[in-house]
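What follows is a set of notes on a single structure, which appears directly below.
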Amino acid sequence: MILIADCGSTKIDWCLLNGNEKVAQIFTTGMNALMMTEEEMTATIKEELVPHISSYQVDEIYYYGAGILNDEVGSHVVNALKANIPSASKIEVASDLLAAARALCGRKPGIACIMGTGSNSCYYDGEKVVENVSPLGYILGDEGSGAVLGKLLVGDVLKKQLPEHLCQKFYDEYKVDRMTIIDRVYRKPAGNRFLAQFAPFLEKNIEEPSIHRIVLRSFTDFFIRNVESYSNYKELPCNFVGSIAFLQKATLMEAAKSQGITIGTIIQAPMEGLIKYHSEQA
């Protein structure tokens, strides 16, 4: 049997496959391999995952996760999995970017992008990630992400760049004031997640011209500063995974058209694509 893990900092989606049949799907607490020790990851897997799969023999594990920046970080995840699932003869640990590429493109070349709380992109040759423009995070980059969209919205609200009725609607909905926002962004951890919580406001009010401009500008910036860095970006489809891309599909396609970019697949989460990829491999 094959066990696939799509791991984010908030939750992990585990799927157990027998050939192309889904045997079980389990959700556990997220793990960021950069932020957690090997011991902490081992304990989390033992407590939250093992009770659900102990009656099955897992032969292969494919783990895609946040924070997998190099082999050293990945080795800690491998060890945590080995300690809990000794039956697995093959354990592959890779980045969430490779998960996006495999889910979106399968075994064909393409440009694969993530657009959720953060954003990222790569050129994928059908086997591996060949090029990657560094996303740089929500302060220096992450164009089009929930965090950056939230940042742009909050900035325009606080500086009164939006019509008064929209500013008031924002305050009524989120019950925050200027000092609360500044404290959460500059003094507290996870400012990106705090800002990303405001992205749904943009989706709900996208018909407002001032809101549409924020989203369209950020999506256009994503294409200019990321996708257009790949030499063959006009020859290959540009594919997306993530809640922002999925829910703001129309505006994303508008931005792509303005830059002469062809959009391929847009999905909300990678798991179904990963199941297809690994089922075909099996």
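The values are calculated or read from the model by the stated rules, or taken from the named source; none is laboratory data. Just so you know, these numbers come straight off a predicted model, no measurement behind them. Note that each Cβ is placed from the backbone with ideal geometry, even for glycine, and that neighbours are counted across all protein chains shown. To get the accessible areas, we keep the full protein, side chains included, count just its heavy atoms, and leave off ligands, DNA and RNA. Shrake-Rupley method; radii C 1.70, N 1.55, O 1.52, S 1.80 Å.
Residues in segment 30-59 that are in contact with a helix residue (DSSP H, G or I) (Cβ under 8 Å, 6 or more places away or on another chain) and within 20 Å of Asn18 (Cα to Cα) were compared, and the one that is least open to solvent (accessible area, probe 1.4 Å) is Leu49.
If a residue has to be surrounded by fewer than 20 Cβ atoms within 10 Å (Cβ to Cβ), of a type in the set (Gly, Ala, Ser) and assigned to a loop (DSSP other than H, G, I, E, B) to count, how many in segment 215-248 make the cut? Residues flagged as surrounded by fewer than 20 Cβ atoms within 10 Å (Cβ to Cβ), of a type in the set (Gly, Ala, Ser) and assigned to a loop (DSSP other than H, G, I, E, B) within segment 215-248 amount to 1. Right, Lys257: at pLDDT below 95 and either open to solvent by less than 40 Å² (accessible area, probe 1.4 Å) or on the phi < 0 side of the Ramachandran plot (or both) or not? When the stated conditions are applied, Lys257 does not pass them.
Looking across segment 2-16, the residues that are β-branched (Val, Ile, Thr), assigned to a strand (DSSP E or B) and over 11 Å from Leu49 (Cβ atoms) come down to Ile2, Ile4. Looking at segment 69-83, can you tell me whether even one residue there is surrounded by fewer than 17 Cβ atoms within 10 Å (Cβ to Cβ), touching a residue at least 40 places away in the same chain (Cβ under 8 Å) and over 27 Å from the mean Cα position of the chain (by Cα)? Yes, there is a match, as at least one residue in segment 69-83 is surrounded by fewer than 17 Cβ atoms within 10 Å (Cβ to Cβ), touching a residue at least 40 places away in the same chain (Cβ under 8 Å) and over 27 Å from the mean Cα position of the chain (by Cα). All conditions but one from (1) under 18 Å from Leu252 (Cβ atoms); (2) touching a Ser or Thr at 6+ places or on another chain (Cβ under 8 Å) apply to Pro200; the one that does not is (2). Could you tell me whether segment 29-36 includes any residue that is within 23 Å of Glu228 (Cβ to Cβ) and in contact (Cβ under 8 Å) with a residue 40 or more places away in the chain? There is no residue in segment 29-36 that is within 23 Å of Glu228 (Cβ to Cβ) and in contact (Cβ under 8 Å) with a residue 40 or more places away in the chain.
Whenever a residue of segment 170-191 is within 19 Å of Ile139 (Cα to Cα), its partners that are surrounded by 12 or more Cβ atoms within 10 Å (Cβ to Cβ) and of a type in the set (S, T, N, Q), lying with C-beta atoms within less than 9 angstrom and at least six residues away or across chains, give the pairs Ala190/Ser9.
Examine segment 271-279 for a residue that is at pLDDT below 95, more than 20 Å from the chain's Cα centre (by Cα), part of a helix (DSSP H, G or I) and surrounded by fewer than 20 Cβ atoms within 10 Å (Cβ to Cβ), and state whether such a residue exists. Scanning segment 271-279 turns up at least one residue that is at pLDDT below 95, more than 20 Å from the chain's Cα centre (by Cα), part of a helix (DSSP H, G or I) and surrounded by fewer than 20 Cβ atoms within 10 Å (Cβ to Cβ). Among residues of segment 115-145 being within 20 Å of His278 (Cα to Cα) and not in a loop (DSSP other than H, G, I, E, B), the one that is most open to solvent (accessible area, probe 1.4 Å) is Val129.
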